[in-house]
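Trainee: Can you read through this structure? Questions will come right after.
The values are calculated or read from the model by the stated rules, or taken from the named source; none is laboratory data. Quick caveat, the model's predicted, so the values are computed rather than measured. Cβ atoms come from the backbone with ideal geometry, glycine included; neighbour counts cover every protein chain shown.
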Amino acid sequence: MPGFEVFGEEEKREVLDVFATGVLFRYEFGAQRGDVWKVRQFEEAFARYTGAACAQAVSSGTAALKVALAALGVGPGDEVITQGFTFVATWEAIFDVGAIPVFAEVDATLNMDPADLEKKISERTAAIIPVHMLGAQARIAEIKAIADRHRIPVIEDTAQAAGGRLGGRHLGTFGACGTFSFDSVKTMTTGEGGMVITDDQELWRSMSEYHDHGHDHVANPGGRGGEGRRFIGFNYRMMELQGAIGLAQLAKLDGIVAAQRQNKAILKEAAAAIPGATFREILDEAGDSATFLAFMLPDAERARQVNQILRDNGAGAINFGDNTWHYYPRWEHLLEAKTPCKGGWPFSAHGKRRVVYDPAFLPQSAEIISRTLVYQVPVKLAEAQKSTMLEALRKAARA
Ligand SMILES: Cc1ncc(COP(=O)(O)O)c(C=O)c1O
């Protein structure tokens, strides 16, 4: 996930255009800014790149999810189904609109299991958020077909998979909308930042308004102060400096993915020699953004042994079972209903518990995650790092 690895002169040049105008804000200041509208240009370029009709830039990937949910009308009384292997942001956004997250199992793709999704749909399900975790495709065609049958909108959380495709089509373009993150560790970065893409003009209009306090952005003699509002909103605006960096990073995205694919292939070949090792199911290798290599051992004990060898040789892998950021049983604040709100919201309302999460609720995910080891794939795999990783993998293969 390494946009920062290729940060350079191109980003600086784009940012200097903004400094030259002194206009850091995406709206207004027409005379002062000349032709410099970096956020707007970034939105247009991102939509063109992904093949979506429109794009809405926002302040983070979490904001992108919140804005999408709000614009789709999701709120209290609703449930939203996502997966138990994702970053906490996915379900934070669901809580933040007042809805309740319901967690589905992941399968060998490490993404949402459509069969389990189907079981978890209820009359309260108002949206489904599959995540293209670790850079590769969820079973989006099957998920979309199930969602369509139940007339439920799909939001693709594509935070970790910018540049990823399925059958040549960009991830994020299959659902009602797709959300992206450009935070510090993502495949392309603007420091903090996010985007929502959609083909639905009306949905885009709602997102555009909601992310800017509900302002309708209709030109009028009173300027921004004279704008109307159809509904309340919030402030999730992206600033011009981020838009400028985004333009430079987007131009590098295909190159980043190509370099990752080469490096991933080298690591994968070495990991394949480990007895019993299999790989995460990738639905379309040609569309993998290749930010991560995930391989599975036959059981948790064997995964622990292999990782110990890798660690002892300076190339330990991630086991997401130990990771408190991305895996349901490790989200202690969710399981223990911890909230700064005195009334217990969002876990409780009016003195009554709305939802209880059982740590043992996702046994299929637990089994898969317990025996999965993951490497982040760098864009620039330095010779020293490469030989350390390859030697560690070879030792694991011989043990
Ligand atoms: C799957 C997923 N969704 C959402 C987000 C939130 O993005 P941000 O950090 O830009 O708010 C992240 C960030 O790591 C993520 O990995």
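Trainee: Every residue in the range 91-148 that is in a helix (DSSP H, G or I) and within 16 Å of the ligand (Cβ to nearest atom), please.
Mentor: 91, 92, 93, 94, 95, 96, 133, 134, 135, 140, 143
Trainee: Which of the following residues is surrounded by fewer than 16 Cβ atoms within 10 Å (Cβ to Cβ), closer than 27 Å to residue 159 by Cβ and touching a residue at least 60 places away in the same chain (Cβ under 8 Å): 376, 385?
Mentor: Criteria check complete, one pass: 376.
Trainee: For residues in the range 330-365 being within 21 Å of residue 160 (Cα to Cα) and touching a residue at least 12 places away in the same chain (Cβ under 8 Å), which is surrounded by the most Cβ atoms within 10 Å (Cβ to Cβ)?
Mentor: Only one residue fits best here, namely 365.
Trainee: Can you give me the number of residues within the range 264-310 that are touching a residue at least 24 places away in the same chain (Cβ under 8 Å) and under 22 Å from the mean Cα position of the chain (by Cα)?
Mentor: Going through the range 264-310 one residue at a time, the tally reaches 16.
Trainee: When only residues in the range 156-177 that are more than 11 Å from the chain's Cα centre (by Cα) and either assigned to a strand (DSSP E or B) or more than 30 Å from residue 259 (Cβ to Cβ) (or both) count, which is nearest to the ligand (Cβ to nearest atom)? Break it down stepwise before answering.
Mentor: First, pick out the residues of the range 156-177 that are more than 11 Å from the chain's Cα centre (by Cα): 163-170, 173-177.
Now drop any that are not either assigned to a strand (DSSP E or B) or more than 30 Å from residue 259 (Cβ to Cβ) (or both), which leaves 165-166, 169-170, 176-177.
Details: 165: 18, 166: 17, 169: 20, 170: 16, 176: 17, 177: 14 Å.
Here the residue is 177.
Trainee: Just wondering, is there one or more residues in the range 29-47 that are in the same structural domain as residue 215 (by TED's automatic domain parsing), over 21 Å from residue 191 (Cβ atoms), aliphatic (A, V, I, L, M) and without any contact (Cβ under 8 Å) to a residue 60 or more places away in the chain?
Mentor: yes
Trainee: If you check 77, 84, 3, which single one turns out to be within 30 Å of residue 363 (Cβ to Cβ) and surrounded by 23 or more Cβ atoms within 10 Å (Cβ to Cβ)? Before you say what the answer is, go through the steps one by one.
Mentor: On the way: 77 fails: surrounded by 23 or more Cβ atoms within 10 Å (Cβ to Cβ); 3 fails: within 30 Å of residue 363 (Cβ to Cβ).
On inspection, the qualifying residue turns out to be 84.
Trainee: When residue 220 is evaluated against the numbered criteria (1) in a loop (DSSP other than H, G, I, E, B); (2) of a type in the set (S, T, N, Q); (3) touching a residue at least 40 places away in the same chain (Cβ under 8 Å), which criterion, by number, is the only one it fails?
Mentor: Failing condition for residue 220: (3).
Trainee: Within the range 115-146, can you find the residues that are under 14 Å from residue 281 (Cβ atoms) and crowded, with 24+ Cβ neighbours inside 10 Å?
Mentor: 132, 133, 134, 135, 136, 137, 138, 140
Trainee: Using the structure shown, decide if residue 152 is in a loop (DSSP other than H, G, I, E, B) and either away from the ligand (no atom under 16 Å from the Cβ) or assigned by TED's automatic domain parsing to the domain that holds residue 72 (or both).
Mentor: On the way: in a loop (DSSP other than H, G, I, E, B): yes; either away from the ligand (no atom under 16 Å from the Cβ) or assigned by TED's automatic domain parsing to the domain that holds residue 72 (or both): yes.
Judged against the criteria, residue 152 is a match.
Trainee: Separate question: Provide a single number: the residues in the range 315-357 that are in contact with a strand residue (DSSP E or B) (Cβ under 7 Å, 6 or more places away or on another chain), within 16 Å of the ligand (Cβ to nearest atom) and not in a loop (DSSP other than H, G, I, E, B).
Mentor: Summing the residues that are in contact with a strand residue (DSSP E or B) (Cβ under 7 Å, 6 or more places away or on another chain), within 16 Å of the ligand (Cβ to nearest atom) and not in a loop (DSSP other than H, G, I, E, B) in the range 315-357 gives 4.
Trainee: Conditions first: (1) within 16 Å of the ligand (Cβ to nearest atom); (2) outside any loop (DSSP other than H, G, I, E, B); (3) closer than 15 Å to residue 69 by Cβ. Residue 243 passes all but one, so which condition is the exception?
Mentor: All conditions pass for residue 243, except number (3).
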